[in-house]
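Colleague: This structure is in structure tokens; I'll ask about it shortly.
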Amino acid sequence: MNDGSKSEPLANKLRPLDFKEVAGQPHLTDKDGLFTRLLQANSIGSMVFWGPPGSGKTTIARILANNIGYDFIQLSAIFAGVADLKKIFAAARQKKCEGRTTLLFIDEIHRFNRAQQDSLLPVIEDGTIVCIGATTQNPSFELNSALLSRMRIVIFRAHDIESLRMLLHRAERLEEKSLPLDQVARELLLKLADGDARVLLSFAEEIWRVAKEEEILDANKLQKLVQKKAVIYDKNQDGHYNLISALHKSVRGSDPDAALYYFSRMVDAGEDMMFLARRFVRMAVEDIGLADPQALLIANAAKDAYHFLGSPEGELALANACVYLSTAPKSNAVYKAYNKAMRDAVSRGSLMPPKYILNAPTKLMKSENYGVGYIYDGDEPHGFSGQEYFPIELGHQIYYHPVERGFEREIAKRLTWWNKLRETLKRT
């Protein structure tokens, strides 16, 4: 462990110096892990470390640099510009001439704009630097393809409860004192850290700092002391997309409990309620369709109710919609039919409809037999003429195949009847 003064943050004092002390990433640091193998090879390439805050990205980059013998330079993408990068590259070139390799660690690399990302390409390509970028956001969304093609993506995991518990024991050994928490409060503390080792150790420091002598904190006192850690969620980034994907698939999978859970997660994180309302409308038309025509009405009504009531009362209307949509019969038959029809509309060009279903408002159109031969369905015995409405060049198509669920059962019966009637009328 690093030695340090009492003023040094606990997270820094506990920073591991080798992989034996690293917690939470066994898939990377155990004897068969990627990083252990890289150390054995005594060489690493440029990488992107993608994972949640406090999962050890910076620590592992330092261990790699120190053990291989690279010069470690740490940079924050929030504060650095192209000019800062140019200075680092110039120094790295000089070191390269001296036989030394520079490992440039860029924290929050997703904050770099395109010009800053592009400036890394030639120096990674020619080996001036080895670059390790750390990000909490999906690199596929945030980094350009040219940079991604030159860097290996390594996925870090959030700490589980056991690895956090091990870190807490390690902190207590270092400080030579136990945290003044009862067992319930101790377990709550591990959960409040939400997989972030840095947050856990900050909580521990704060508890030692403010706890009275001989005081043992219970869960209620701990909650008041640390409050609640901000949810790891950015409405424009990965957490947002992960949760809305989970919510949508839970509704589609007819699991109202899971759907409510993810809905509540997003509400708790401060999601835009109208975004959720719009997504419920989309679910109603995409995943439920005509299996339950009421679903769209319910989703729209929930949107209007939230707009009318606002928060916090309006959330319950959306929760009602969430459960209704989850428990409704599902059909994507119209969704698939629309896509098929759109493909024909795009690929087959501007095919002319049959002239007999076209109006003839001008003499020229009448002379061209527009409207001639049209049969008015309302005058037919069954209210059905059986005429062909598709362009002659395209021929009759069937895009829509209703499922045997919900209201679409009734639609399927009607279509079957009309198809039989159409065939009968063709023979007469």
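The values are calculated or read from the model by the stated rules, or taken from the named source; none is laboratory data. For clarity, every value in this text was computed on a predicted model and none was experimentally measured. Cβ: placed from backbone, ideal geometry, glycine included. Neighbour counts: every protein chain shown. Each accessible area value is taken on the protein alone, full model and side chains, heavy atoms only, with ligands, DNA and RNA left out. Shrake-Rupley method; radii C 1.70, N 1.55, O 1.52, S 1.80 Å.
Colleague: Does Glu205 count as part of a loop (DSSP other than H, G, I, E, B), out of contact with any Phe, Trp or Tyr (no Cβ under 9 Å at 6 or more places or on another chain) and not hydrophobic (A, V, I, L, M, F, W, C)?
Modeller: no
Colleague: If you check every pair at least six apart or on different chains, which have Cβ atoms under 7 Å apart with a residue in the stretch 311-326 that is of a type outside the set (Phe, Trp, Tyr) first and a residue that is part of a loop (DSSP other than H, G, I, E, B) second?
Modeller: Going by the 7 Å Cβ cut-off, the qualifying pairs are Ser326/Ser254; Ser326/Asp255.
Colleague: Conditions: (1) surrounded by 14 or more Cβ atoms within 10 Å (Cβ to Cβ); (2) over 25 Å from Ile288 (Cβ atoms). Ala333 meets all but one. Number of the miss?
Modeller: Of (1) surrounded by 14 or more Cβ atoms within 10 Å (Cβ to Cβ); (2) over 25 Å from Ile288 (Cβ atoms), only one is false for Ala333: (2).
Colleague: Can I ask one more? Could you run through the stretch 307-335 and say how many residues are of a type outside the set (Gly, Ala, Ser), within 25 Å of the chain's Cα centre (by Cα) and assigned to a helix (DSSP H, G or I)?
Modeller: So the answer is 10.
Colleague: Here is a further query. Please determine, by comparing only the residues of the stretch 61-87 that are touching a strand residue (DSSP E or B) at 6+ places or on another chain (Cβ under 6 Å) and among the small types (Gly, Ala, Ser), which one is most open to solvent (accessible area, probe 1.4 Å).
Modeller: Ser76
Colleague: Hey, another quick one. What pairs can you find where one residue is in the stretch 258-272 and over 8 Å from Leu243 (Cβ atoms), the other is part of a helix (DSSP H, G or I) and among the polar types (S, T, N, Q), and their Cβ atoms are less than 6 Å apart, with a gap of 6+ or different chains?
Modeller: Ala258/Ser250; Ala259/Ser250; Ala259/Ser326
Colleague: Working carefully through the options Gly127, Gly133, Gly99, find the one that is part of a loop (DSSP other than H, G, I, E, B) and closer than 12 Å to Ser46 by Cβ.
Modeller: Sole residue among the options that is part of a loop (DSSP other than H, G, I, E, B) and closer than 12 Å to Ser46 by Cβ: Gly127.
Colleague: Could you list, in sequence order, the residues of the stretch 385-409 that are in contact with a Phe, Trp or Tyr (Cβ under 9 Å, 6 or more places away or on another chain) and open to solvent by less than 30 Å² (accessible area, probe 1.4 Å)?
Modeller: Within the stretch 385-409, Ser385, Gly386, Gln387 qualify.
Colleague: Kindly list the number of the only condition in (1) in contact (Cβ under 8 Å) with a residue 40 or more places away in the chain; (2) within 33 Å of the chain's Cα centre (by Cα) that fails for Asn339.
Modeller: (1)
Colleague: Of all residues being assigned to a loop (DSSP other than H, G, I, E, B), more than 19 Å from Ile288 (Cβ to Cβ) and β-branched (Val, Ile, Thr) in the stretch 394-428, which is modelled with the highest pLDDT? Just the residue, please.
Modeller: The residue in question is Ile398.
Colleague: For the stretch 16-45, give me the residue count where each residue is closer than 23 Å to Leu164 by Cβ and assigned to a helix (DSSP H, G or I).
Modeller: So the count comes out to 10.
Colleague: Then there is this: Listed residues Arg165, Arg150, Arg157, Arg173; which is among the charged types (D, E, K, R), assigned to a helix (DSSP H, G or I) and open to solvent by 70 Å² or more (accessible area, probe 1.4 Å)?
Modeller: Only one candidate passes the filter, namely Arg173.
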